[in-house]
1. Could you go through region 94-107 and let me know if any residue there is surrounded by 15 or more Cβ atoms within 10 Å (Cβ to Cβ), more than 15 Å from the chain's Cα centre (by Cα), in contact (Cβ under 8 Å) with a residue 12 or more places away in the chain and over 16 Å from residue 76 (Cα atoms).
2. Taking region 1-34, which residues are more than 22 Å from residue 56 (Cα to Cα) and either under 14 Å from the mean Cα position of the chain (by Cα) or surrounded by 15 or more Cβ atoms within 10 Å (Cβ to Cβ) (or both)?
3. Could you check residue 84 against (1) buried (at least 17 other Cβ atoms within 10 Å of the Cβ); (2) closer than 24 Å to residue 129 by Cα; (3) modelled with pLDDT of 95 or more and say which number it fails?
4. Please go through region 4-19 and give me each residue that is closer than 16 Å to residue 122 by Cα and part of a strand (DSSP E or B), ordered by number.
5. For residues in region 30-51 being in a loop (DSSP other than H, G, I, E, B) and touching a helix residue (DSSP H, G or I) at 6+ places or on another chain (Cβ under 8 Å), which is farthest from residue 77 (Cα to Cα)?
């Protein structure tokens, strides 16, 4: 698997302060995609031991809420095995961190994939320029869904994620 970047202290790609792995490879070709440079599955850099160490080290601080997998598309067929390996390792090393994943596939197309059970939130669907809305939280177009994965697997259908309420005392 190749990747383009690892960002830390990200506040835009999921709830809380997060680390984000931006992978290479996407078959969707969404019009006006924010990351077309990531479409080529052979683009970017090889995700090697050094990159993996950097990623896992970035998750160590208590103030990091979790990790987000984005791209490209983490669920591009050539990425799936490595992404699910990383997700499993994150859950083992950092069980209290949340895992978010962005994909252009619909929940109904990927809901039977083994490994989804370790993901907390999945944002599904292709970006559709005509449905863009800058007021949307954690997604770019209104057709996309922010899905609570564990609840969806239990219910057998996509269940939308409900944002946590934070209370200041």
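1. Checking region 94-107: at least one residue is surrounded by 15 or more Cβ atoms within 10 Å (Cβ to Cβ), more than 15 Å from the chain's Cα centre (by Cα), in contact (Cβ under 8 Å) with a residue 12 or more places away in the chain and over 16 Å from residue 76 (Cα atoms).
2. 26, 28, 30, 33
3. So the condition that residue 84 fails would be (2).
4. The answer is 18, 19.
5. Checked region 30-51; the qualifying residue farthest from residue 77 (Cα to Cα) is 32.
The values are calculated or read from the model by the stated rules, or taken from the named source; none is laboratory data. Note that the coordinates shown come from a computational prediction; the quantities given were computed from them, not determined experimentally. Note that each Cβ is placed from the backbone with ideal geometry, even for glycine, and that neighbours are counted across all protein chains shown.
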